[in-house]
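Okay, structure first, notes after.
The values are calculated or read from the model by the stated rules, or taken from the named source; none is laboratory data. Source: prediction; values computed, not measured. Here the Cβ positions follow ideal geometry from the backbone for every residue, glycine too, while neighbour counts run over all protein chains shown.
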Amino acid sequence: MVGRMATVSGWVETVRAHKNVAFVMLRDGTGVVQAVVGRKDVSAETWERAATLAQEACVLLAGTIRADPRSPGGFEMGVSGIDVAGASDDYPLQPKEHGVEFLLDHRHLWLRSSRQRAGLRVRAEVEQAIHDFLYENEFVRVDTPILTGAIGESAGALFETDYFGQRAFLAQTGQLYVECACPAFRKVYCFGPTFRAEKSKTRRHLTEFWMVEPEVAFADSDENMDLQEAFVSYVVRRALERCEKELATLERDTTALEAVVPPFPRISYSEAVERLVAEGHPFDWGADLGAPEERRVSSWFGKPVFVHDYPKSAKAFYMKENPADPRTVLCNDLLAPEGYGEIVGGSQREDDHGRLLARIREGDLPEEAYGWYLDLRKFGTFPHSGFGLGLERTVGWITGRPHIRELVPFPRTINRLAP
Ligand code: 4AD
Ligand code: MG
């Protein structure tokens with residue numbers, strides 16, 4: 001384009017107006033270009049417009065493209081005309097430090113800033129990589145309902161709504177439904193928003209988050225972990241390959257990400273607890289690992305680590321009992337390194353009708369809502385396994401951001417429903 005006329009439409013990031021020249025940084029959604037307005041090169045009216053352009057005004061700039069090594073990216077526009085399509089008086093987000101609550105209140109505008117753009121672009125790449133990996137590996141995408149009568153994970157964290165006189169919940173998971181699609185397609189997945197009415201106010205909890213849930217007929221728990229490590233490694237590699245600029249904007253040290261290749265270390269829950277205790281970190285066998293324990297366990301390895309075979313009491317009703325130690329179930333969490341904690345939860349599913357029914361009753365779950373799920377164990381039951389990967393936690397780790405609320409366009413947390 002050097003030497004040629006062009007028009008660029010976009011939003012003004014900054015204007016620096018000197019006596020005889022003004023520099024406008026214009027963002028068009030694909031990148032940012034420096035536009036230079038020379039006082040003697042334009043009409044008095046255009047000069048006046050340039051000097052008074054406001055942050056985030058929407059403008060159309062016309063001018064000639066030229067190469068200039070001093071310009072970011074090596075090119076700039078010598079402006080000849082300016083059209084203001086949308087003014088922007090008193091833009092609330094100034095180029096200075098704002099408190100995070102203020103930024104979240106202005107999330108609809110905050111999205112435009114460079115770090116937020118970088119994080120959300122990585123998210124989009126990770127979503128695409130997820131679909132690509134699963135498609136290339138012959139998984140069939142099955143969309144599962146968001147309104148459901150069956151409790152997917154646990155009775156404690158449900159958003160409930162009245163459904164024409166019936167109790168309905170926002171889905172905590174699509175898993176029970178993708179399981180049903182296994183006999184139809186063998187390898188399946190769902191990917192969508194899931195909901196947890198968790199009162200946890202931590203940097204890794206949202207009340208609405210996105211989860212991808214693959215499910216594979218005839219896979220056991222070990223094969224389930226094989227799939228997870230291949231999947232996570234692929235996704236990380238894609239982000240490294242295609243989001244180099246974004247990761248640089250976020251100042252992400254990518255050395256730890258480069259090490260994410262199969263195999264991942266695997267340690268049983270019981271071994272992990274033993275080692276925690278031996279290191280002087282008291283922990284009672286039987287409880288789920290909390291964030292501090294997860295951090296410590298992952299600090300033993302420089303890679304994502306599988307912790308497998310948790311106590312039955314700490315996990316959901318649908319997991320298959322471990323024949324080698326019936327106090328435990330055939331399941332795993334995948335802990336991301338660098339303190340990011342659990343990004344994946346997976347398990348082999350209970351495929352025996354009687355045992356599954358007993359677990360539903362033990363868990364005080366509404367038995368009548370699971371008739372269809374139990375049918376799977378009545379009509380051609382089969383061994384199968386699957387897992388759920390939390391998108392925001394995964395992108396939080398890949399981008400190295402401290403709080404996952406920045407990795408979803410409009411976060412939902414216990415005290416935030418707007419914007
Ligand atoms: O371990 P979870 O609860 O597993 C399931 O929902 C299974 N049904 C998945 C399956 O086997 N198909 O959740 C899976 C992942 C977690 O590892 C975490 O990454 C993410 O979902 N997650 C959350 N992310 C953000 N905010 C929350 N409140 C989350 N709860 C779970
Ligand atoms: Mg879990």
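Only residues that are touching a residue at least 60 places away in the same chain (Cβ under 8 Å) and in contact with a Leu (Cβ under 9 Å, 6 or more places away or on another chain) were counted in segment 321-333, giving 0. Checking Leu334 against (1) outside any loop (DSSP other than H, G, I, E, B); (2) surrounded by fewer than 20 Cβ atoms within 10 Å (Cβ to Cβ), which test does it fail? For Leu334, the exception is condition (2). The residues of segment 267-285 that are closer than 19 Å to Pro304 by Cβ and surrounded by 16 or more Cβ atoms within 10 Å (Cβ to Cβ), listed by number, are Ile267, Ser268, Tyr269, Ala272, Leu276.
Test Ala118 against the criterion of being of a type in the set (Gly, Ala, Ser) and in a helix (DSSP H, G or I), and give yes or no. Yes, satisfied.
Regarding Gly81, is this residue small (Gly, Ala, Ser), outside the structural domain of Ser114 (by TED's automatic domain parsing) and assigned to a strand (DSSP E or B)?
Numbers: small (Gly, Ala, Ser): yes; outside the structural domain of Ser114 (by TED's automatic domain parsing): yes; assigned to a strand (DSSP E or B): yes.
Against the criterion (small (Gly, Ala, Ser), outside the structural domain of Ser114 (by TED's automatic domain parsing) and assigned to a strand (DSSP E or B)), Gly81 qualifies.
His205 satisfies every condition listed in (1) more than 13 Å from the chain's Cα centre (by Cα); (2) at pLDDT 95 or above; (3) outside any strand (DSSP E or B) except (1). Residues in segment 256-294 that are of a type in the set (Asp, Glu) and touching a strand residue (DSSP E or B) at 6+ places or on another chain (Cβ under 7 Å): Glu294 only. Can you give me the number of residues within segment 341-359 that are crowded, with 24+ Cβ neighbours inside 10 Å and more than 9 Å from ligand 1 (Cβ to nearest atom)? Here the count works out to 1.
One line per residue, one yes/no per condition, for (1) acidic (Asp, Glu); (2) assigned by TED's automatic domain parsing to the domain that holds Arg117; (3) over 16 Å from the mean Cα position of the chain (by Cα):
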residue: Thr194; (1), (2), (3): no, yes, no
residue: Ala197; (1), (2), (3): no, yes, yes
residue: Asp222; (1), (2), (3): yes, yes, yes
residue: Met225; (1), (2), (3): no, yes, yes
residue: Arg238; (1), (2), (3): no, yes, no
residue: Lys245; (1), (2), (3): no, yes, yes
residue: Pro262; (1), (2), (3): no, yes, yes
residue: Arg275; (1), (2), (3): no, yes, yes
residue: Glu279; (1), (2), (3): yes, yes, yes
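Listed here are the residues, each with its yes/no results for (1) in contact with a Pro (Cβ under 6 Å, 6 or more places away or on another chain); (2) over 19 Å from Trp397 (Cα atoms).
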| site | (1), (2) |
| --- | --- |
| Gln94 | no, yes |
| Gly99 | no, yes |
| Leu103 | no, yes |
| His106 | yes, yes |
| Trp110 | no, yes |
| Arg115 | no, no |
| Val122 | no, no |
| Glu127 | no, no |
| Asp132 | no, yes |
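Screening segment 376-404 for residues that are touching a His at 6+ places or on another chain (Cβ under 9 Å) and within 16 Å of ligand 2 (Cβ to nearest atom) and picking the one that is farthest from Arg121 (Cα to Cα) gives Ile404. For Ala316, the criteria (1) closer than 29 Å to Val178 by Cα; (2) away from ligand 2 (no atom under 16 Å from the Cβ); (3) in contact (Cβ under 8 Å) with a residue 24 or more places away in the chain hold in every case but one, which is (2).
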